[in-house]
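**Q** Supplied in structure tokens, the structure appears directly below.
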Amino acid sequence: MSVFKRKGSEIYSYDFWIKGRRFLGSTEEKNKRAAEAVERTKKEEARATVATEEAMDAPRTWELASSRWWLEVGQHHKNAHVTAAALDWLTKAIGRTTLLIDIDDNRVAALVAKRRGEIRQVGKAESRTKTVGAATVNRTCTEPLRKVMLRAAKTWKVRTGEVDWGSHMLAEPQERVREASRGEESKIMDQLERGYDAAVEFAFVNGCRRMEIIGLRWPKVDFFGRQFTVLGKGDKERTIPMNQRTFDLLWAQRGMHEEFVFTFEAKRTRRHGARDLVKGKRYPMTEHGLKTAMRRAVAKSGVENFRFHDTRHTAATRVLRKSNLRVAQVLLGHKDIKTTTKYAHAMAEDVRAALEASSPARSPATRGKKHAK
């Protein structure tokens with residue numbers, strides 16, 4: 001059917017079918033020739049749409065497969081921009097028209113080597129560079145490639161190359177567990193400014209992350225129930241009981257700010273980022289501010305090799321000494337207890353001390369010789 005006018009309308013409409021799909025609508029034109037030109041354009045667009053949908057039904061090339069995976073999965077990631085960047089890198093490295101069946105162990109190994117050999121800038125100085133680390137290669141190359149390929153094979157039923165994914169995952173260095181001694185904690189606390197000292201003390205006691213601390217709001221603090229709730233990774237809430245030290249610490253923050261628990265006092269009136277600060281007034285703490293305050297305090301204290309995240313390790317290790325892995329897991333909000341087991345090796349000295357305490361003062365052999373005399 002060519003363009004036509006509906007009853008009572010001066011505007012031409014179009015109505016046509018392409019491969020079983022019907023397309024109809026208004027041309028927004030009163031002149032028939034102009035309307036026919038619009039119809040031709042609509043048909044071209046319709047054919048392109050149908051062709052794309054047909055290709056998406058069986059995405060056999062990397063470009064089509066990665067595009068479909070992005071629509072179905074990737075765009076919904078919390079850090080979607082990171083996922084998009086990884087897919088863009090893979091598309092350039094693999095080639096848009098490369099068939100999934102041709103992506104095999106040999107090609108994946110080459111991709112991993114290429115990503116691993118790239119140089120990235122560290123900090124603002126152009127001269128400070130280093131190669132991409134194993135964890136970055138896994139997260140931005142191997143894992144997203146694996147996810148697209150597996151979805152293509154299992155969900156879309158598309159033939160893909162055979163890949164032993166485990167052999168391509170690079171070994172990542174085990175996260176260190178740095179525990180502060182009571183003396184080191186005291187030295188760091190002595191160097192912190194008012195406001196920041198409360199936040200860091202809270203971290204040492206409860207093992208919360210920076211973002212969980214600065215994001216803590218008064219509605220999430222329950223003094224009557226003696227508990228508080230933080231928003232952790234993946235926007236998951238975690239409720240932690242208050243011990244007396246935490247209760248006293250939080251109680252002392254009341255009245256500082258109507259919404260946020262941890263705040264700082266402006267030293268002078270100035271423009272700071274996107275907000276104006278007024279001397280003497282308190283403002284919600286920022287992640288950058290807390291990180292900077294901690295770094296400066298550690299430097300002044302003389303404590304070596306200690307970062308803010310180590311307060312979390314310290315709290316976890318201390319709790320583990322008094323309880324078990326399950327309790328530490330709940331405190332830290334780990335989904336998998338395997339993540340918590342990294343703290344277990346820090347217990348070696350405690351096990352040794354316990355063995356010493358449980359051992360007899362003299363060995364049976366020694367006691368026997370003495371008795372014989």
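**Q** Compute the relative contact order of region 62-168 as a whole-number percentage, counting only Cα pairs closer than 8 Å that sit 6 or more residues apart in sequence.
**A** With pairs under 8 Å counted, the relative contact order is 32 percent.
**Q** Let me have the 222 nm mean residue ellipticity of the chain computed from DSSP H runs of 4+ only, each contributing -39500 (n - 2.57), with the sum over all residues rounded to the nearest 500.
**A** Helix contribution divided over all residues of the chain: -14000 deg cm²/dmol.
**Q** If you don't mind, there's one more thing I want to ask. Evaluate Rg over Rh across region 143-237, taking Cα atoms for both radii and Kirkwood's formula for Rh.
**A** We get a ratio of 1.23 for region 143-237.
**Q** Run the numbers on the chain and let me know its relative contact order in percent, using alpha-carbon pairs under 8 Å that are six or more apart.
**A** Worked out over the chain, it gives 11 percent.
**Q** I would also like to ask the following. Give or take rounding to whole Å, what are the principal axis extents of the alpha carbon atoms in region 4-57, in descending order?
**A** Each principal axis gives a Cα extent; for region 4-57 these are 41, 19, 12 Å.
**Q** Evaluate the charge dipole of region 4-57 about its Cα centre and quote only its size in Debye, nearest 20, assuming +1 on the Cβ of each Lys and Arg and -1 on the Cβ of each Asp and Glu.
**A** Rounded to the nearest 20 debye, it is 340 debye.
**Q** Across all directions of projection, what mean area in square nanometres is found for the Cα convex hull of the chain?
**A** If you wrap the Cα atoms of the chain in a convex hull and average its projections, you get 35.7 nm².
**Q** Evaluate E = 1/(1 + (r/R0)^6) for Arg96 and Glu10, where r is the Cβ-Cβ distance and R0 equals 51 Å; express this FRET efficiency to the nearest 0.05.
**A** For Arg96 and Glu10, the calculated efficiency is 0.65.
**Q** Another question about this same structure. Given +1 on the Cβ of Lys and Arg, -1 on the Cβ of Asp and Glu, and no further charges, what dipole in debye does the chain carry about its Cα centre, rounded to the nearest 20?
**A** Here the size comes out at about 820 debye.
**Q** Take every Cα-Cα distance within region 182-344, group them into 10 Å bins from 0 onward, and report for each bin the whole-number percent of pairs it holds.
**A** 10, 38, 36, 14, 2
**Q** Right, next: What length, rounded to one decimal in nm, is gained on full extension from Asp88 through to Lys19, with 0.36 nm per residue of separation minus their alpha-carbon distance?
**A** 21.6 nm
**Q** Provide the FRET efficiency to the nearest 0.05 for the His76-Glu172 pair, computing r from the beta carbons and using R0 = 25 Å.
**A** For R0 = 25 Å, the calculated efficiency reads 0.45.
**Q** Still on this model: Could you tell me how many degrees, from 0 to 90 and to the nearest 10, lie between the Cα long axis of helix 348-358 and the main elongation axis, the longest principal axis, of the Cα atoms of the chain?
**A** 40
**Q** Specify the angular offset, from 0 to 90 degrees and rounded to the nearest 10, of the alpha carbon long axis of helix 32-57 from the longest principal axis of the alpha carbons in the chain.
**A** Tilt relative to the chain: about 40 degrees.
**Q** Give me the extension gain from Arg47 to Glu265: residue separation times 0.36 nm, minus the current Cα-Cα distance, reported in nm with one decimal.
**A** Taking Arg47 through Glu265 to full extension adds about 72.2 nm, to one decimal.
**Q** Considering all alpha-carbon pairs of region 1-106, what whole percent are spaced by more than 21 angstrom?
**A** Considering region 1-106, 56 percent of its Cα-Cα pairs are separated by more than 21 Å.
**Q** Cross-link partners among lysines for Lys267, C-alpha distance below 17 Å, same-chain residues fewer than 8 apart left out?
**A** Cα-Cα hits under 17 Å: Lys279, Lys281.
**Q** Using Cα pairs closer than 8 Å and at least 6 residues apart in sequence, work out the relative contact order for region 1-88, in percent.
**A** 16
**Q** For the charge dipole of the chain, defined by +1 on Lys and Arg C-beta atoms and -1 on Asp and Glu C-beta atoms about the Cα centroid, which residue among Phe262, Val112, Thr83 has the Cα displaced farthest towards the positive pole?
**A** Checked the options; the winner is Phe262.
**Q** Length gain on complete extension for the stretch Glu143 to Lys157, per 0.36 nm per residue less the alpha carbon to alpha carbon distance?
**A** 3.1 nm
**Q** Taking R0 as 35 Å, what's the FRET efficiency between Ser186 and Ala344 from their Cβ-Cβ distance, rounded to 0.05?
**A** 0.85
**Q** Hey, another quick one. Using only the Cα atoms of region 62-168, what are the Rg and Dmax in Å?
**A** So, for region 62-168, Rg and Dmax equal 14.4, 48 Å respectively.
Computed from the coordinates by the stated procedures, all read-outs in this text should not be read as laboratory data. Computed from a predicted structure; not experimentally measured. Methodologically, a virtual Cβ is constructed for each residue, glycine included, from the backbone with ideal geometry; neighbour enumeration extends over all protein chains shown.
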